[in-house]
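Below: one structure, written as structure tokens.
The values are calculated or read from the model by the stated rules, or taken from the named source; none is laboratory data. Since this is a predicted model, take the numbers as computed values, not measurements. For neighbour counting, all protein chains shown are included, and Cβ atoms are generated from backbone atoms with ideal geometry for every residue, glycine included. Just so you know, the surface numbers come from the protein's heavy atoms only, side chains and all, with ligands and any DNA or RNA stripped out. Shrake-Rupley method; radii C 1.70, N 1.55, O 1.52, S 1.80 Å.
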Amino acid sequence: VDKAIGMVTNAATKLGANKTQIDGQKTFVDTLMKANDRTIGILVDADIEEESTKLKALQTQQQLAVQSLSIANSASQNVMSLFR
């Protein structure tokens, strides 16, 4: 009986040590996952900001092109009025 109690105690000790190791690894993986989620969020935000900046630049170019065409049309009309 003493030998059986000793074997059960050894098995329980090993199980306890394994549980402690698994808990530590779980905590480590949870920390890594949280850091990964934060990093992905930062990258997505940066990408969205970059695309927003590109869109604003393209919209500005479009507005300038429209204004240039408007100026060119009015200038050509002024020139044509000189020949009437």
By how many degrees, 0 to 90 and rounded to 10, does the Cα axis of helix 2-82 deviate from the longest principal axis of the chain?
-> 0
Where does the chain land at 222 nm, in deg cm²/dmol rounded to the nearest 500, when only DSSP H runs of n ≥ 4 count, each adding -39500 (n - 2.57), divided by all residues?
-> -37000 deg cm²/dmol
What FRET efficiency, computed as 1/(1 + (r/R0)^6) with R0 = 41 Å and r the Cβ-Cβ distance, is obtained for Asp47 and Ser81, rounded to the nearest 0.05?
-> 0.20
Where the accessible area of the chain is counted over protein heavy atoms with a 1.4 Å probe, how much of it, in %, is carbon and sulfur?
-> 64
